[in-house]
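These notes are about the structure you will find just below.
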Amino acid sequence: QEVEQPGAGLRGGDSGHRGGSGGRRRGAMAQRLFPLPRQQSLYAPSVRNPFVHEGRLSARDKARAVLLGIILLPFRAMCIALLLLLAWPFAAIATFCHRERGSVPLKGWKRRVTQCALQCLGRVLFFLMGFQVKVKGKVAGPLEAPILVVAPHSSFFDGIVCVVAGLPSIVSRLENLSAPVFGTILRSLQPVLVSRLDPDSRRNTINEITKRATSGGQWPQVLIFPEGTCTNRSCLITFKQGAFIPGVPVQPVLLRYPNKLDTVTWTWQGYSFKQLCVMTFCQLFTRIEIEFLPVHVPTEEEKKDPTLFANKVRNTMAMALNVPVTDHTFEDCRLMISAGQLTLPMEAGLVEFTKISKKLNLKWDPIRDQLDTFAAIANASKGGRIGMEEFAEHLKLPVSDVLKELFLLFDRNGDGTIDFREYVIGLSVLCNPANTEETIQMAFKLFDIDDDGSITEEQFACILQSSLGVPDLDVSQLFKEIDTDNSGKVTYNEFKDFAFKHPEYAKLFTTYLELQRCQLETSDEEDDYQTPEDTYSQSKTSVSEKTPIARNKVCPEGNEEDISSTSDKKDD
């Protein structure tokens, strides 16, 4: 496992020629000579955005769609309406006088008639819509595989797999039952219902799936799209655990749309529902391949760990599809929507939520709050990313070597900008661990020159100007932000409250300590290699001519071991 080492790379020039001048060493200090070690598990995903499909029709495709659509579109629309009306009586008979709807399975002639009639009408429906279905493999029975998991989920047309699989139960919203005609047909399929208004809906849904999966074939099979949202089929995102918690055998089912013109992919960015329907119905035919893989029987370890079970099944399906896997999930879609509302590019909100939340122990609300802060910084650049100038403006500090080092720590891919994913990781891995009570106390003592328990604006400016090497630095705006009671002095409590709300400053402070330590060490190494002439020349220099610097208070002798503990190093 790799370790995040913020201090690594600062001393890249230490192994160089020792006889060089101190100026050359300090110049090399601001530039990393070796790449910064990174955690492999936090690398950016191979597929940046699986929730976008920007399809474009050529002039030829548009002309063909118009010509075919003049005939096919009205014909197919009438066929769909007619077949739905024909299916409604069979669905109504199945649910008529059926007590305890949804709590007991349909049995006897009602179940056989409904299943046979709706399956035949469904096949006719998709044929008239222009779908050419190719099936590979064999559907397992309810006793062999109570649950079917289907991926990738990329379109509302994926419902074709329900007809091919023999009309298993599906997971649906409770509100869908109130739709005319379609609601009655859906009810006859005995769906597992999810209510958005019920706070216990998730637990009840899992309990219902478990009950049906362990009923010994009394209930129909349950068909689940474990990704939980539509993607562009470029990868398999995180599988939800609902299908794997029961710990029963599952049959993976693959979907492919091998068409030259893609008119079915329905993602968060791309064609709308109506546009896809019109474009698909205007095609002469649309190919779809459905492959039923061998049943996956979970091991004892997988039965105890639904996440492991889900990942094993996902890897099997990804290998068969020859696509990568990523840790995106539906929460990334929510972040995308939030990013769009904050006038950022929608893809700016993608962070691979499953991975970030698990490895950094972050929940949805804190990440959403960080998106607001990120948007406030990045909006100035109009590109959904933070540049060096925006980073310095956010911290109300000038661009300096210390600030450049902190920026490089955030910039994981070295492209000169910080995206939202890098910003979240940087705050969690770098800034929050460094923002300890010990670090805050050390920083406060540095600024409190006269040790009276408070910091004046003059003291604050003096230390910052000295440490950043900017004599004319204006810190009045930053000081006023810390001085919440406008008393002209910053107390320790005000200083600590500001530090906890802005952890970037804590990491900036520890980075400054790292730079100071490196300068002291390289200075000692140069003294070891001085020539007699250099020693004689230095002995003539008066001690009073040496300018005192702030690091004498920051890095007192004999305290380097304590200071090094403030440098955060987070294991993967």
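Has the range 474-496 got at least one residue that is surrounded by 19 or more Cβ atoms within 10 Å (Cβ to Cβ) and assigned to a loop (DSSP other than H, G, I, E, B)? Among the residues of the range 474-496, at least one is surrounded by 19 or more Cβ atoms within 10 Å (Cβ to Cβ) and assigned to a loop (DSSP other than H, G, I, E, B), which makes the answer yes.
In the range 373-382, is there at least one residue being among the charged types (D, E, K, R), within 21 Å of the chain's Cα centre (by Cα) and within 19 Å of SER338 (Cβ to Cβ)? For the range 373-382, residues among the charged types (D, E, K, R), within 21 Å of the chain's Cα centre (by Cα) and within 19 Å of SER338 (Cβ to Cβ): absent.
In this structure, VAL161 does not qualify as part of a strand (DSSP E or B), open to solvent by less than 60 Å² (accessible area, probe 1.4 Å) and within 11 Å of LEU223 (Cβ to Cβ). Pairs needed: first member in the range 75-90, touching a residue at least 60 places away in the same chain (Cβ under 8 Å); second member anywhere, surrounded by 14 or more Cβ atoms within 10 Å (Cβ to Cβ) and small (Gly, Ala, Ser); C-beta distance under 9 Å; at least 6 residues apart or different chains. From the range 75-90, the pairs are ARG76/GLY130; ALA87/ALA117; ALA87/GLY122; ALA87/SER188; PHE90/ALA117; PHE90/SER188.
Out of ARG202, ARG233, one residue alone is on the phi > 0 side of the Ramachandran plot and not β-branched (Val, Ile, Thr). It is ARG233.
Set side by side, the residues GLN115, GLN119 differ, and just one is open to solvent by 70 Å² or more (accessible area, probe 1.4 Å), touching a residue at least 12 places away in the same chain (Cβ under 8 Å) and of a type in the set (S, T, N, Q), which is GLN115.
Taking helices (runs of 4 or more DSSP H) as the structural unit, those lying wholly within the range 385-467 and holding at least 1 residues that are farther than 30 Å from VAL47 by Cα and either open to solvent by 30 Å² or more (accessible area, probe 1.4 Å) or modelled with pLDDT of 90 or more (or both) correspond to 388-395, 401-410, 437-447. Quick check, is LEU255 of a type in the set (A, V, I, L, M, F, W, C) and open to solvent by 20 Å² or more (accessible area, probe 1.4 Å)? Judged against the criteria, LEU255 is not a match.
The number of residues in the range 166-176 being in a loop (DSSP other than H, G, I, E, B) and either within 25 Å of TYR271 (Cβ to Cβ) or open to solvent by 10 Å² or more (accessible area, probe 1.4 Å) (or both) comes to 2. Among the residues of the range 35-84, those identified as part of a loop (DSSP other than H, G, I, E, B), modelled with pLDDT under 80 and either among the hydrophobic types (A, V, I, L, M, F, W, C) or over 35 Å from the mean Cα position of the chain (by Cα) (or both) are LEU36, ALA44, VAL47. ARG212 fulfils the conditions (1) charged (D, E, K, R); (2) touching a residue at least 12 places away in the same chain (Cβ under 8 Å); (3) open to solvent by 30 Å² or more (accessible area, probe 1.4 Å) except for a single criterion, (3). Against the test of being in contact (Cβ under 8 Å) with a residue 60 or more places away in the chain and of a type in the set (Ser, Thr, Tyr), the options THR439, THR373 yield a single qualifying residue, THR439. Within the bounds of the range 85-100, is there any residue that is of a type outside the set (Asp, Glu), modelled with pLDDT of 50 or more and within 41 Å of the chain's Cα centre (by Cα)? Taking every residue of the range 85-100 in turn, none turns out to be of a type outside the set (Asp, Glu), modelled with pLDDT of 50 or more and within 41 Å of the chain's Cα centre (by Cα).
None of VAL278, VAL248, VAL253 is part of a loop (DSSP other than H, G, I, E, B), farther than 22 Å from ILE337 by Cβ, touching a residue at least 12 places away in the same chain (Cβ under 8 Å) and hydrophobic (A, V, I, L, M, F, W, C) except VAL248. Could you list all residues from the range 309-349 that are of a type in the set (D, E, K, R), surrounded by fewer than 22 Cβ atoms within 10 Å (Cβ to Cβ) and under 13 Å from the mean Cα position of the chain (by Cα)? Residues satisfying the conditions are ASP327, ARG334, GLU347.
Among the listed residues PHE420, PHE447, PHE391, PHE407, identify the single one that is touching a strand residue (DSSP E or B) at 6+ places or on another chain (Cβ under 6 Å) and not basic (Lys, Arg). Going through PHE420, PHE447, PHE391, PHE407 in turn, the sole match is PHE447. Out of GLN269, GLN275, one residue alone is among the polar types (S, T, N, Q), within 23 Å of GLU54 (Cα to Cα) and open to solvent by less than 50 Å² (accessible area, probe 1.4 Å). It is GLN269.
Here ALA117 does not fit the description of being among the small types (Gly, Ala, Ser), at pLDDT below 85, over 40 Å from the mean Cα position of the chain (by Cα) and not in a loop (DSSP other than H, G, I, E, B).
Quick one: in the range 281-308, which of the residues that are farther than 14 Å from VAL149 by Cα and part of a strand (DSSP E or B) is most open to solvent (accessible area, probe 1.4 Å)? Checking each candidate, the answer is ARG287. Apart from one condition, SER155 fits all of (1) more than 23 Å from THR316 (Cβ to Cβ); (2) open to solvent by less than 20 Å² (accessible area, probe 1.4 Å); (3) polar (S, T, N, Q); the exception is (1).
In this entry, THR541 is excluded by the filter for residues that are in a helix (DSSP H, G or I), at pLDDT below 60 and either surrounded by fewer than 14 Cβ atoms within 10 Å (Cβ to Cβ) or out of contact with any His (no Cβ under 9 Å at 6 or more places or on another chain) (or both). Only one entry of VAL181, VAL104 meets the criterion of being on the phi > 0 side of the Ramachandran plot, at pLDDT below 85 and open to solvent by 40 Å² or more (accessible area, probe 1.4 Å), and that entry is VAL181.
Mind listing whichever residues of the range 356-369 are open to solvent by 30 Å² or more (accessible area, probe 1.4 Å), assigned to a helix (DSSP H, G or I) and in contact with a helix residue (DSSP H, G or I) (Cβ under 7 Å, 6 or more places away or on another chain)? Within the range 356-369, LYS359, TRP364, ARG368 qualify.
The values are calculated or read from the model by the stated rules, or taken from the named source; none is laboratory data. Everything numeric in this text was worked out from a predicted model, so none of it was measured. Positions of Cβ are backbone-derived with ideal geometry, glycine not excepted, and every protein chain shown enters the neighbour counts. When the accessible area is computed, the model is the full protein with side chains, heavy atoms only, and any ligands, DNA or RNA have been set aside. Shrake-Rupley method; radii C 1.70, N 1.55, O 1.52, S 1.80 Å.
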